[in-house]
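Readers should treat all values here as calculations from the given coordinates under stated rules, not as data from a laboratory. Predicted, not measured: the structure shown is a model, and the values here were computed from it. For neighbour counting, all protein chains shown are included, and Cβ atoms are generated from backbone atoms with ideal geometry for every residue, glycine included.
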Amino acid sequence: MKRIGYYKSCSLDASSNDYARSLEMCFSKLGTRLVPISDWNCCGASSAHSTSELLGLALPARNLALAEQQGLTTLLVPCSACYTRMLTAADKIRRNDDLAAEINEVIAPLRYMGTVQVKNILEILWGEVGSDQILHAKKHDLGGMKVVCYYGCYLTRTPGVASFDNRENPQSMEQLLKLVGAEPLDWPFKTDCCGAGFSLIDAPVSVQLCEKMYDMAYQLGADAIVATCPLCQTNLDVNQDKLRSEKSVPYHMPVFYISDLLAVAAGAELGNKQWRKRFVDPRELLNRYALA
């Protein structure tokens, strides 16, 4: 069984533990063992680097050093904000010996030597698991479920670091979902901001940004939105509930994590425990495609 490091992060350990559940079940079905980093800490996303550049690099560097200490060379970071911070720290440390020495002094007695590859869930699914294994593990076909893929504004826009996919028009999520029988629809908002960062400081802006996405998804005839980031999924899910109550609009579109659908396709029994956390219950849609 393939062994890959796993940075669970604050979100997946608490408010988005449903993401952690489907992700861990998904990779288990795909024959991949996720090895959590022991004694991990918050990586500082998304505010630490705004306070102190050194702090914004030292927090993720400590996690990278712990992964290295466990002999892990590849690290899955599911949260898009965490992925960006961890990738940025790894890249800057690798390219700047003086900065590496300064950060290692901060995180001492730990020391990061630069051997860990930071990857997001799509990179791991394509590069470490592979299409053959996904097809081999498939037990249920998604039956042409129409989905729009939402990457968000962080995942492909890694500052100063080459993106794993096209920055403005990524395709990796669509290709993965096609493997299990979904029908991804082309839409213009796959890398737009959903306003998750505004949800506490300027909620109306967040709602407005989400509303235009719902409108387009419905116009295209989508059954569901599929995301990879816990903040984006929560924001897109909860704002439909707000719009139903505030504007009496009939938004009721499930927002899945990609791991939800891949786990279901691989025969995982996620059950009511998974779906009852969602503001838009996806069980009606899953029943329609004989997947619940």
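Rounded to the nearest 500, what is the 222 nm mean residue ellipticity of the chain from helices alone, with -39500 (n - 2.57) per DSSP H run of 4+ residues and division by all residues?
About -14000 deg cm²/dmol.
Rounded to the nearest 20 Debye, what is the dipole magnitude of segment 211-272 about its Cα centre when Lys and Arg each give +1 and Asp and Glu each give -1 at the C-beta?
160
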#### Entry: Cα lying deepest toward the dipole's positive end in segment 150-292, options L185, P170, A203, charges on Cβ
A203
### Given 11 as the ceiling on other Cβ atoms within 10 Å, longest exposed-site-free region of the chain for GluC sites (Glu not before Pro) in DSSP loops
1-167
### Task
Before anything else, pin down the relative contact order of segment 2-121: Cα pairs under 8 Å, at least 6 apart, normalised by residue count, whole percent.
29
### Message
Cross-link candidates for K138: which aspartates and glutamates have Cα within less than 15 Å, leaving aside residues fewer than 8 places away along the same chain?
### Response
D260, E269
### Message
To make sure I understand the rule: partners must be lysines, Cα under 20 Å from the Cα of K247, and not fewer than 8 residues away in the same chain. Which ones qualify?
### Response
K212
### Message
Are there DSSP H segments in the chain that both extend 27 Å or more along their axis (alpha-carbon positions) and score a mean Kyte-Doolittle hydropathy of at least 0.0? List them, or say none.
### Response
none
### Task
Quick one, can you get me the convex hull of the C-alpha atoms of segment 229-289 expressed as volume per residue in Å³?
81
### Task
Work out the FRET efficiency for A290 and R157 from their Cβ-Cβ distance, taking R0 = 41 Å, and round it to the nearest 0.05.
0.65
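Work the Kirkwood hydrodynamic radius out for segment 1-102: mean of 1/r over every pair of different alpha-carbon atoms, inverted, in Å.
The Cα-based Kirkwood calculation yields 14.1 Å.
If you put +1 on each Lys and Arg Cβ and -1 on each Asp and Glu Cβ, how big is the dipole of the chain around its Cα centre, in Debye rounded to 20?
Details: 30 positive and 32 negative charges, 119 e Å.
I would put it at about 560 debye.
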### Message
With unit charges on the beta carbons (Lys and Arg positive, Asp and Glu negative) and the dipole taken about the Cα centre of segment 2-121, which residue among T32, I121, A65 sits farthest to the positive side?
### Response
T32
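Please compute the volume of the convex hull spanned by the alpha-carbon atoms of the chain and report it per residue in Å³.
Hull volume over Cα atoms, normalised by residue count, gives 119 Å³.
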### Message
Can you compute the equivalent ellipsoid semi-axes for segment 133-231, i.e. the square root of 5 times each eigenvalue of the Cα gyration tensor, sorted largest first and rounded to whole Å?
### Response
25, 18, 11
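Do any of K2/K277; K29/K242; K2/K146; K139/K273; K8/K92; K2/K190 go past 28 Å between their Cα atoms, and which?
Violating the 28 Å limit, Cα to Cα: K2/K277; K29/K242; K2/K146; K2/K190.
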